[in-house]
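One structure below.
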Amino acid sequence: MHHGAPEFELFGLWFNGANVLMITIASAIVFLIAVLATRKLAMKPTGMQNFMEWVMDFVKGIINSTMDWKEGGRFHILGITLIMYIFVSNMLGLPFAIVVDDKLWWKSPTADPIITLTLAVMILGLTHYYGVKLKGAKGYGEGFFTPMKFLFPLKIIEEFANTLTLGLRLYGNIYAGELLLSLLAAGLAHQGIAGTIAAIPLTLVWQGFSIFVGSIQAYIFTMLTMVYMAHKVSHDH
Amino acid sequence: MLTSSLVLGAAEQAGGHVNYGDIFFQLIVFIVLLALLKKFAWGPLMGIMKQREEHIASEINAAEESRGEAKKLLEEQRNLLKEARAEAQSLIESAKKQGDIQREEIIAAARQEAERQKDAAKLEIEQQKEKAVAAIREQVASLSVLIASKVIERELSQADQDALINEYIKEAGEGR
């Protein structure tokens, strides 16, 4: 069930309208959740504040499992925003898809490799930035020659491989999930009554599984972000 | 490579060109989201969490302090109680001793008094006896003198003599 993308050109750049729309929606949802949850802050947390604090502690746990809090504390906000944004993005494509004029408008923004790779490049770029900032240019450069000098080419390849795998893992999982959902909902469900009946439990199961996968992928993306960060920032590597 | 073909495939799917606009849009939106959340959500939340941490730490400190104080007070009270108990014990002890001593004293005084009274009574008796003996002796002497004078005064017949003696004896008996 391949639908086209609603693309348009602006200032000499090509935009995918669906991506723009969904990125905005996902960001708005994350922002609304976060702001509503922290509307009434209290020393004794209740309701949503508890949830947000749990998310914070969860990300804190991820960071603490990869590096020292002295170095990792500065990535806390990045980590929370990442995990929330990716989770919400992954979930957006699950309940339904909207196709207008054979153009797919409603989908997960993370079901597009260009979005996930943008995030991945941004993360890897940040790791290099903080690597230089925290260890100095010399310490950062030495990182490419340890533990063995001849590993240098592998280290270079590793940087690109990390970027690609980080972005494509997320994209692959979410895209595959949505693709199968659209096949079930738009394909199987239209093959007569038997097909509709067969599609209902399958879609149900696959949606549940996709929620699981979406959550896991958000966690993995954040986890790997911190792992790559630790590689560049920590002194024992 | 598989990955590159995937990426290229996605690009091809997008219609022969890469959506650079999406890249910039995603980057900018994410950075804006990060900044907004930091200002409006995570910052205040972290502030309150830190505040709570400090509050808990200070509460723990205060609790520890007051526990130490309570321990100190308890120790003090315990010592005071022990002291009071010891004092009471010693008071009882001394009172008992005092009572013993007093009893002994009273008994000794009573015994002494009894002894004294007995002695006084004995003395009295002795004195009375002496007095009685002295009186008897006096009377016997005067009686003897009387008898002697009577004997010397008269040379009498046997019969008269007997009568006289009898008379005198009678007299003596009466005088007595």
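The values are calculated or read from the model by the stated rules, or taken from the named source; none is laboratory data. Predicted model, so just to flag it, every value in this text is computed and none were measured. Cβ atoms come from the backbone with ideal geometry, glycine included; neighbour counts cover every protein chain shown. Side chains are part of the model used for accessible areas, which takes the heavy atoms of the whole protein and leaves out ligands, DNA and RNA. Shrake-Rupley method; radii C 1.70, N 1.55, O 1.52, S 1.80 Å.
Quick notes on this one:
- Taking the range B:158-174 and a reference point 7 angstrom along Cα→Cβ of B:L146, the backbone N atoms nearer than 14 Å belong to B:165-174.
- Counting protein heavy atoms only, the range A:7-233 has 73 percent of its accessible area on carbon and sulfur, 1.4 angstrom probe.
- Extending 7 Å from Cα along the Cβ direction at B:K82 and again at B:R67 yields two label points whose distance is 2.3 nm.
- Ranking A:S108, B:S149 by solvent-accessible area of protein heavy atoms (1.4 Å probe, all protein chains present), from largest to smallest, gives B:S149, A:S108.
- The residues A:F8, A:F15, A:F75, A:F31, sorted by heavy-atom accessible surface at 1.4 Å with ligands and nucleic acids left out, run A:F8, A:F31, A:F15, A:F75 from largest to smallest.
- For chain A, a Gaussian network of Cα nodes joined below 10 Å ranks A:A185, A:A194, A:A26 by mean-square fluctuation, and the top entry is A:A194.
- Here chain B yields Rg over Rh of 2.12, to two decimals, using C-alpha coordinates and the Kirkwood radius.
- Highest mean packing comes first when the peptides B:31-41, A:163-173, A:147-157 are listed by Cβ atoms within 10 Å, giving A:163-173, B:31-41, A:147-157.
- Peptide A:27-37 - average C-beta neighbours from other chains (10 Å radius): 3
- Solvent-accessible heavy-atom area per residue, rounded to whole Å², over the range B:2-175 at 1.4 Å: 80 Å²
- Peptide A:71-83 - average C-beta neighbours from other chains (10 Å radius): 3
- Theoretical ellipticity at 222 nm over the protein assembly as shown - DSSP helices of four or more residues, -39500 (n - 2.57) apiece, nearest 500: -28500 deg cm²/dmol
- Shielding by other protein chains, A:9-20, mean Cβ within 10 Å: 5
- Under a Gaussian network description of chain A, with springs only between Cα atoms under 10 Å, the residue in A:G72, A:G143, A:G47 that fluctuates furthest is A:G47.
- Computed Kirkwood radius, in angstrom, where 1/r is averaged over Cα pairs of the range A:93-237: 17.6 Å
- Computed with every protein chain present, the accessible area of A:D112 is close to 20 Å² [probe 1.4 Å].
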